[in-house]
């Protein structure tokens, strides 16, 4: 069975971290996905440095690495850990790394990496849209509470609107009705003939 077929995009997405305001994969995680040693990945990157501008890849500084160690389980230097600071690859850098590695597995897995970055962007966009809608509902409720006398009278109506709006947000988008394929005779025409 093909090992990449079982690679869940969610697992890759969990390895993506935000550093310097960018979503990145660390060299160690990317190397594991591509089926090579971290050392080999970094060697190929150094040999092809012109293919990795700073918006594709950058090296973490001491403070970023220290913060990262405290957030995730990473071995500390001096105990069999890393001797050099990790490299961080953006989506474009991860794809470029697959091309410089030039292995079938790296090329195949790079598709999953792109999908994971895309799914992360889509999730962020949908969360921002939901937050904006909830903010609008909150502002509407605030305006209502300013009209204290009418607040108790309108509370039930407003709460129904809030619940309805939340239900609409939770419902999946409606697919447009699908037209049947082929030639369809309407019932009215059938009755006229009969």
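Here the calculated FRET efficiency for residue 85 and residue 11, from their Cβ-Cβ distance with R0 = 30 Å, stands at 0.75, rounded to the nearest 0.05.
Averaging the sequence gap over all C-alpha pairs within less than 8 Å and six or more residues apart, then dividing by the number of residues, gives segment 3-117 a relative contact order of 38 percent.
Segment residue 124..residue 40, full-extension length gain: 26.9 nm, with 0.36 nm per residue of separation and the alpha-carbon distance subtracted. Remark: the residue 111-residue 140 segment gains 6.1 nm on full extension, using 0.36 nm per residue and subtracting the alpha carbon distance.
Here, each number is a calculation from the coordinates, and none is a lab measurement. Computed from a prediction, not measured in an experiment: that's the story for all the values here. Glycine also receives a Cβ, built like all others from the backbone with ideal geometry; neighbour counts cover every protein chain displayed.
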